[in-house]
């Protein structure tokens, strides 16, 4: 029980609020009751307690009656608590010795039973009187106000607010998420009712913003976080990378070379823009922006990160030479990879989600072959020598890629090759019919043409060629790219029989010497590309029957799918789920059979493939006279192991750092299959690139540790979601043409695409990355303002006041399915009409239907998504007026009959009614009635091919069917897309309808619930331009009055901890969301930092010892309030 | 039923930012709901000490409503989550005293949900009417004497 042993003199004041309270609450009874409450010495009632005479009553009684506590029973404390606290203070009573009880919003307005409402009012007053006993005198804290302001959103309201503050001499940060300021107004054609051109009145203001010395414009930026409190906010703003610096002069040269087109957001998807774009010519700032949505999956998946969409889109535009340049930036072997790459890019291609992936690999081959066909051999560009020498051992894909990269940086390169010709595995491992030798020679020669010396027949470990010797000979660094040259055995009986060969030896023989001993009936063991190549090679060298024996199933086969298909079509048989256990010879020692264990699939192994497990006792035998083992390969490192600086891994590969490629020996790096184990050509190239980068950094004295753990940018989104676009038709991908004459010979089997095929195929690319990353704009930009590697920047701003001017979004009319928006071509929304009518819009200001004809009849449907309990109940305020404007514009620009279908006409503003009359006089038809549906189902001849608007004319009382050529949906205004996110960041509340809630609908329409934050424009509720501008100015005044006062008063409702009672359990520290409580190690207690505490009281509720308290929300105060509520009656 | 005339007494703890503002909105929108609940304003639902609830029930309340911002919307980031975690423990405790869990309610009511506030109070009042008076003294003394 709370004891009330203090002597107090309490005054209670009951407000009638006109009749707002008194019509439901029996004031007299309440007053009588209040007189009976303990320590109450004065009770008064008054019509309007908040009025001056009302406040004077309090002041007078405090002075004359020596009141020590005051209770006012009136409206919500959110409304007038400050008013009455000030009155108390004026009378010399501490402002916190006051308590308010809410008998209006939470009593008289919500109850109609007079007796019950009166009883409840008594309980609320009793609670307040009991509570106020425990109130204590407190001092308010003052804090300085930071003089800068932040405006979020740069539509017309935000622009106005920013200019007003800037003009007053204060600094403003204006943050806008779009690349340009201007908001919705920049898209409008004319403004009602004056029919001013929107651009003519807006763009001068935009220019002013751009040039004002007190305004720091942050476009393409979003607020991510807010901390601090009124007067002292800390705001975190993310400036998205626009990939164009402020050196941009806005000349637009980049646009003409950019190959990527996307629907223009500014034109509501009715025309296109390039990936590098400026929303509209008058944009502020006038810089371009590159629309990058992340790294596309094709580029991200490619081991060497080829900028796939870049060259694909250039091919689509017949810009083949430029396409090749994009490829050769990272890949010196387009013709080789265009034939033999396992193209993981195609498996990830987002077009594959829609129909089929782009034939990326075939497109690469096409441009490479096109160049040869047209005798365009680009000269290798030789870099200026940097005086450093690097030796590369091995001329396979890894070694040559490393050489290519380093040579382009000016290093002097020497490549040592064990065999007589360069190329490594691509030369001796890949058969002619997949990769003709002239293609191979041409591309290798081109790489060597970069000033790279090649020494063939130079194997490491032979003729005195050693790592140490090379280092002594003046090479600054060495890259080992040794490859895998040893075939793995199965380790089964009969493996040493004549007729059992390893695929490496077999293929090398065939590919280097043009002949190889081949049996009549050949079994190839394995499922990789080497196995498939061996099988197909065997067919070409005389085998009558070729089979592949694989221990798993087709799904797990690592070989390229198309190659497997080709092998099958050539007659190769594949036996799945069999594992050789014995090679069996006849009496003469000749191989005759291979015995296999039958397998089944078990649990997935580490690689994710299901592990094969033997089926006990089940075997199968295949008659063969030759077996080719194609299981796996290992590097031949015997000669290196003698050098104790080099280590082998447990898989018998060369040990090297996976990030920096460093080996155990200084200055020696390693890459390729010798390190990673058998991989594909493009993976080996990636490894070579990694080593080249490491060597370059090492020799430039950079820290190799920075190579570790580089973060990847996010993947691209598959499809655009922001603009309406026509259904993408399903389109099959191009079929890779085969040479009908090739047969099963050494002649190349696959053919190159024709230019027509290639252009068409490339055109299927969705450019899901936004920008294709071809980077041709780099050359087009004369001032060098483009930076494709730009990153987002995050800035922290200190501001004293914040203005939210984040606007609205148009109601999504697709939701009202019966109006056919998104289904019928000529049903458009109001923003689309604005652009259609705009002189710089997609039709140059001509109002045309989708088939480019002027409409003969146009219907404008009011209240779409507004005043409709199925969507939004509120009135969007602007639609009647802009619908009248549309009617006027259609009348002015066409000969069409115009029908406005309205529920009520709301022409409430200055000059609006006059405008309505004017449009009425222009012969526009007005039908009072809400459209029931828009249909294409014609009931008579004149409705054929028309949009039929069905409506009940409520004035005539008949249902009408109106055949139209165009229907404009006057959609309502809904909260901006990010409203919910912003309300969380800024701690704002949303009102009904979802718009930001103001502090008071009448008296504080631009103050947000949180102090120091102001609201302007349509983010607070639907409004037209004049109202938005007025609110912008009002919010600026609010912000300025806060800033110019220079200090804020902070309510002392913070937590406090009683040192005596605190047990040091630190639960409060875990409870505090603001890190406002610290542990004092010396005293072994928790201590509150008052400046950081925001007064939520969570720590108080969680304190087990009762040591924590909250000022003005003390336990004793709340407990006595409970008692008061329950003790009454 | 005997309880037809029974009017439960309800104490409501409303957070200042969302639910109290929501209750005010119900008022400015003139929505009607039973007069059984009287509200106490706290800064955050996280401030509601379980002893407040016990105190209210002990002092004669038949039900207690705790209302705060929706998860994710708390003005103080996470106070409502604290309330949400304390709530089941509180119910557990009350259950041991034989007090039905239907007598204490935790609700999320935003500043724009005046209608929801009115609905919650109406529904909760009906629910408590069905449960009947709490009779704390009897329950507790029964518990103490073991009958």
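Of all the numbered requirements in (1) closer than 22 Å to residue A:1010 by Cβ; (2) within 14 Å of chain B (Cβ to nearest Cβ); (3) out of contact with any helix residue (DSSP H, G or I) (no Cβ under 6 Å at 6 or more places or on another chain), residue A:1106 misses one, and that requirement is (1). Annotation: residue A:7 fulfils all but one of (1) modelled with pLDDT of 95 or more; (2) more than 14 Å from chain B (Cβ to nearest Cβ); (3) surrounded by fewer than 24 Cβ atoms within 10 Å (Cβ to Cβ); the unmet one is (1).
The single condition among (1) modelled with pLDDT under 95; (2) more than 14 Å from every other protein chain (Cβ to nearest Cβ) that residue A:968 does not satisfy is (1).
Of all the listed residues (A:45, A:105, A:32, A:28), the sole one being in contact with a helix residue (DSSP H, G or I) (Cβ under 7 Å, 6 or more places away or on another chain), farther than 20 Å from residue A:134 by Cα, away from every other protein chain (no Cβ under 14 Å) and modelled with pLDDT of 95 or more is A:45.
For residue A:1098, the test of being at the interface with chain B (Cβ under 7 Å from one of its Cβ atoms) and farther than 30 Å from residue A:37 by Cβ is passed. Kindly evaluate residue B:118 against the criterion of being surrounded by 14 or more Cβ atoms within 10 Å (Cβ to Cβ), assigned to a helix (DSSP H, G or I) and in contact with a helix residue (DSSP H, G or I) (Cβ under 6 Å, 6 or more places away or on another chain). It is true that residue B:118 is surrounded by 14 or more Cβ atoms within 10 Å (Cβ to Cβ), assigned to a helix (DSSP H, G or I) and in contact with a helix residue (DSSP H, G or I) (Cβ under 6 Å, 6 or more places away or on another chain). Here the condition is being surrounded by fewer than 19 Cβ atoms within 10 Å (Cβ to Cβ) and within 23 Å of residue A:784 (Cβ to Cβ); of A:282, A:239, A:208, it holds for A:239 alone.
I'd like to know if segment A:1075-1092 contains one or more residues that are crowded, with 16+ Cβ neighbours inside 10 Å, out of contact with any strand residue (DSSP E or B) (no Cβ under 6 Å at 6 or more places or on another chain) and closer than 24 Å to residue A:78 by Cβ. No, there is no match, as no residue in segment A:1075-1092 is crowded, with 16+ Cβ neighbours inside 10 Å, out of contact with any strand residue (DSSP E or B) (no Cβ under 6 Å at 6 or more places or on another chain) and closer than 24 Å to residue A:78 by Cβ. Of all residues in segment A:110-163, which are away from every other protein chain (no Cβ under 14 Å), touching a helix residue (DSSP H, G or I) at 6+ places or on another chain (Cβ under 6 Å) and not in a helix (DSSP H, G or I)? Scanning segment A:110-163 gives A:145, A:147, A:149, A:151, A:155. Evaluating residue A:63 against the criteria (1) in a helix (DSSP H, G or I); (2) away from chain B (no Cβ under 14 Å); (3) without any contact (Cβ under 8 Å) to a residue 40 or more places away in the chain; (4) in contact with a helix residue (DSSP H, G or I) (Cβ under 8 Å, 6 or more places away or on another chain) leaves one unmet condition, (4). Scanning segment B:1-35 for residues that are crowded, with 24+ Cβ neighbours inside 10 Å, more than 8 Å from chain A (Cβ to nearest Cβ) and closer than 22 Å to residue A:1127 by Cβ gives B:10, B:12, B:13, B:14. Considering the conditions (1) in contact with a helix residue (DSSP H, G or I) (Cβ under 9 Å, 6 or more places away or on another chain); (2) without any contact (Cβ under 8 Å) to a residue 40 or more places away in the chain, residue A:1084 is excluded by exactly one of them, (1).
If we keep just the residues of segment B:36-51 that are in a helix (DSSP H, G or I) and crowded, with 22+ Cβ neighbours inside 10 Å, which is farthest from the other protein chains (Cβ to nearest Cβ)? Break it down stepwise before answering.
As a first pass, look at segment B:36-51 and keep what is in a helix (DSSP H, G or I): B:45-47, B:50-51.
So of that shortlist, the ones also crowded, with 22+ Cβ neighbours inside 10 Å come out as B:45-47.
On the way: B:45: 9, B:46: 3, B:47: 3 Å.
So the residue we want is B:45.
Answer yes or no: is there a residue in segment A:327-349 that is within 19 Å of residue A:274 (Cβ to Cβ) and buried (at least 24 other Cβ atoms within 10 Å of the Cβ). Looking through segment A:327-349, none of the residues is within 19 Å of residue A:274 (Cβ to Cβ) and buried (at least 24 other Cβ atoms within 10 Å of the Cβ).
Of the candidates A:246, A:234, A:171, the single residue that is surrounded by fewer than 20 Cβ atoms within 10 Å (Cβ to Cβ) and under 30 Å from residue A:778 (Cβ atoms) is A:246.
For the subset of segment B:53-85 comprising residues that are assigned to a loop (DSSP other than H, G, I, E, B) and within 23 Å of residue B:6 (Cβ to Cβ), which member is farthest from the other protein chains (Cβ to nearest Cβ)?
Pass one, segment B:53-85, residues assigned to a loop (DSSP other than H, G, I, E, B): B:59-62, B:69-78.
From what is left, the residues that are within 23 Å of residue B:6 (Cβ to Cβ) are B:59-62.
On the way: B:59: 4, B:60: 4, B:61: 6, B:62: 10 Å.
Top of the filtered list is B:62.
Counting only residues that are assigned to a loop (DSSP other than H, G, I, E, B) and within 14 Å of chain B (Cβ to nearest Cβ), which one in segment A:1075-1095 is nearest to residue A:98 (Cα to Cα)?
Taking segment A:1075-1095 as the starting set, the residues that turn out to be assigned to a loop (DSSP other than H, G, I, E, B) are A:1075-1076, A:1081-1084, A:1089-1095.
After this cut, where a residue has to be within 14 Å of chain B (Cβ to nearest Cβ) as well, the list is A:1075-1076, A:1092-1095.
Details: A:1075: 31, A:1076: 28, A:1092: 26, A:1093: 23, A:1094: 21, A:1095: 19 Å.
It comes out as A:1095.
Applying the criterion of at least 2 residues that are touching a helix residue (DSSP H, G or I) at 6+ places or on another chain (Cβ under 9 Å) to the helices (runs of 4 or more DSSP H) found wholly in segment A:297-355 leaves A:297-301, A:308-316, A:320-328, A:334-340, A:344-348.
When A:702, A:735 are checked against the criterion of being modelled with pLDDT of 80 or more, surrounded by 12 or more Cβ atoms within 10 Å (Cβ to Cβ) and assigned to a loop (DSSP other than H, G, I, E, B), a single residue qualifies: A:702. Look at (1) closer than 30 Å to residue A:475 by Cβ; (2) in a loop (DSSP other than H, G, I, E, B) and you find that residue A:650 fails only one, number (1). So which residues in segment A:72-91 are touching a strand residue (DSSP E or B) at 6+ places or on another chain (Cβ under 7 Å) and away from chain B (no Cβ under 14 Å), if there are any at all? Across segment A:72-91, the qualifying residues are A:72, A:84, A:85, A:88.
Among the residues making up segment A:998-1008, a single one is crowded, with 23+ Cβ neighbours inside 10 Å and within 13 Å of chain B (Cβ to nearest Cβ): A:1008.
The values are calculated or read from the model by the stated rules, or taken from the named source; none is laboratory data. Note that this is a predicted model, so its numbers are computed, not measured. Cβ: placed from backbone, ideal geometry, glycine included. Neighbour counts: every protein chain shown.
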